[in-house]
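The values are calculated or read from the model by the stated rules, or taken from the named source; none is laboratory data. Computed from a predicted structure; not experimentally measured. Note that we place each Cβ from the backbone using ideal geometry, even for glycine, and neighbour counts take in every protein chain shown.
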């Protein structure tokens with residue numbers, strides 16, 4: 001039986017969403033998509049300039065990601081997609097009443113994430129926006145059925161923890 005759950009890997013910028021999600025998708029044998037690719041160019045330019053996005057900036061982006069999730073659902077496919085999904089209202093758009101969609105929250109301290117962001121090169125999100133990300137963050141509650149994992153370990157350890165919390169399904173089978 002194929003893995004048909006769709007996982008939205010969320011967290012503040014610098015929490016490791018892309019790295020973990022790519023490895024997680026590979027371990028599960030499903031497609032991976034980078035949610036940032038759904039941003040319109042105006043959002044990317046705004047963030048590059050150090051200006052936090054508003055909710056109005058985010059609605060079309062979240063709608064595009066939700067449309068991709070619904071495409072996968074319609075095809076009966078599983079997948080892994082990244083999205084900061086910092087607010088409950090954002091996750092409601094992405095997950096809503098979709099029981100086969102789960103949020104994976106990459107949780108880490110401000111200090112650890114700041115160090116990681118300061119060390120990375122070539123990303124459009126400046127370290128200066130980290131405080132606004134933490135100010136916006138509403139951690140998922142138990143009613144959202146989140147998979148919460150600490151980002152202090154290696155990407156491989158984080159992926160293993162997520163798979164354990166999913167029920168130990170290490171690889172999709174055809």
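Scan segment 120-127 and give yes if some residue there is in a helix (DSSP H, G or I) and either at positive phi or at pLDDT 95 or above (or both), otherwise no. The answer is no, given that none of the residues of segment 120-127 is in a helix (DSSP H, G or I) and either at positive phi or at pLDDT 95 or above (or both). When 27, 21 are checked against the criterion of being surrounded by 14 or more Cβ atoms within 10 Å (Cβ to Cβ), over 11 Å from the mean Cα position of the chain (by Cα) and within 28 Å of residue 161 (Cβ to Cβ), a single residue qualifies: 27.
Scanning for something in contact (Cβ under 8 Å) with a residue 60 or more places away in the chain and under 13 Å from residue 83 (Cβ atoms), does segment 52-60 turn up at least one residue? First the steps, then the outcome.
Here is the first cut: in segment 52-60, the ones in contact (Cβ under 8 Å) with a residue 60 or more places away in the chain are 52.
With the extra rule that they be under 13 Å from residue 83 (Cβ atoms), the set shrinks to none.
No, there is no match, as no residue in segment 52-60 is in contact (Cβ under 8 Å) with a residue 60 or more places away in the chain and under 13 Å from residue 83 (Cβ atoms).
Report yes if residue 20 is assigned to a helix (DSSP H, G or I) and either touching a helix residue (DSSP H, G or I) at 6+ places or on another chain (Cβ under 8 Å) or touching a residue at least 60 places away in the same chain (Cβ under 8 Å) (or both), otherwise no.
Details: assigned to a helix (DSSP H, G or I): yes; either touching a helix residue (DSSP H, G or I) at 6+ places or on another chain (Cβ under 8 Å) or touching a residue at least 60 places away in the same chain (Cβ under 8 Å) (or both): yes.
Yes, satisfied.
Looking for whichever is in contact with a strand residue (DSSP E or B) (Cβ under 6 Å, 6 or more places away or on another chain), under 15 Å from residue 146 (Cα atoms), crowded, with 21+ Cβ neighbours inside 10 Å and in contact (Cβ under 8 Å) with a residue 40 or more places away in the chain here; the options are 69, 95. Which one fits?
Just one listed residue meets the conditions, 95.
Across segment 38-66, the number of residues qualifying as loosely packed, with under 13 Cβ neighbours inside 10 Å and within 13 Å of the chain's Cα centre (by Cα) comes to 0.
Residue by residue, here is whether (1) at pLDDT below 95; (2) in contact with a helix residue (DSSP H, G or I) (Cβ under 6 Å, 6 or more places away or on another chain); (3) farther than 17 Å from residue 7 by Cα; (4) not in a strand (DSSP E or B) holds:
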position	(1), (2), (3), (4)
32	no, yes, no, no
42	yes, no, yes, yes
45	yes, no, yes, yes
64	no, yes, no, yes
71	no, no, no, yes
80	no, yes, no, no
90	no, yes, no, yes
96	yes, no, no, yes
102	no, no, no, no
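Inspection of segment 132-143 identifies at least one residue that is surrounded by fewer than 16 Cβ atoms within 10 Å (Cβ to Cβ), touching a helix residue (DSSP H, G or I) at 6+ places or on another chain (Cβ under 8 Å) and either at pLDDT below 90 or part of a strand (DSSP E or B) (or both).
Test residue 85 against the stated conditions and say whether it is part of a helix (DSSP H, G or I), surrounded by 13 or more Cβ atoms within 10 Å (Cβ to Cβ) and under 13 Å from the mean Cα position of the chain (by Cα).
Numbers: part of a helix (DSSP H, G or I): no; surrounded by 13 or more Cβ atoms within 10 Å (Cβ to Cβ): yes; under 13 Å from the mean Cα position of the chain (by Cα): yes.
Criteria not met by residue 85.
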